[in-house]
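In what follows, a structure is listed as structure tokens, so that the remarks can point back to it.
Only the coordinates and a few stated rules stand behind these numbers; no lab work does. A quick note: this is a predicted structure, and the numbers were derived from the prediction, not measured. Backbone-built Cβ (ideal geometry, glycine too); neighbour counts: all protein chains shown.
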Amino acid sequence: MRGYTMHKDDYQRRLSRIEGQVRGLSRMIEEDKYCIDVLTQIASVSKALQGVGLGLLDEHLRHCVREAEARGEGEDKIGEAIRAVERLLRV
């Protein structure tokens, strides 16, 4: 079982909302909306995705890494988590 399985429905709802925001961005471009308004919405979508990413990372640490540690395999999972954080922080 994955660490996020218990909250899977929450993540799917959040991602569906983000998907709607992205469609809205596409409409804004199609309708030649003001640049700053589009940029504001892009920032909003980016923050929403970061929130989902941080939630998944939190659950990964609390579930997957803990389980791996109990099996004596924690170092690999910790390294994996660090690389995931590095990817999340890249611009």
- [ ] Among K47, K77, rank each residue by its count of other Cβ atoms within 10 Å, from fewest to most, as a rough exposure measure.
- [x] K47, K77
Task: Among I36, V85, G74 - extreme Cα towards positive end, dipole of the range 5-89, charges at beta-carbon - done: I36
Task: Residue exposure sequence - Y4, Y34, Y11 - by fewest surrounding Cβ within 10 Å - done: Y34, Y11, Y4
Task: Fluctuation leader among I29, I42, I78 - the chain, Gaussian network, Cα springs under 10 angstrom - done: I29
Open item on the list: With an 8 Å Cα cut-off and a minimum separation of 6 or more residues, compute the relative contact order for the chain in percent.
Closed with: 34 percent
Open item on the list: Once each part is reduced to its C-alpha centroid, what is the distance from the range 61-91 to the range 41-55 in angstrom?
Closed with: 21 Å
Open item on the list: Within the chain, which whole H helices from DSSP have a Cα span along their axis of at least 20 Å and a mean Kyte-Doolittle hydropathy of 0.0 or more, if any?
Closed with: 35-59
- [ ] Could you work out the mean projected area of the convex hull around the alpha carbons of the chain, in square nanometres to one decimal?
- [x] 6.6 nm²
TODO: Arrange the following residues from fewest to most other Cβ atoms within 10 Å of their Cβ: M28, M6.
DONE: M6, M28
Task: Size of charge dipole - the chain - debye, nearest 20, with Cβ of Lys, Arg +1 and Asp, Glu -1, no other charges - done: 140 debye
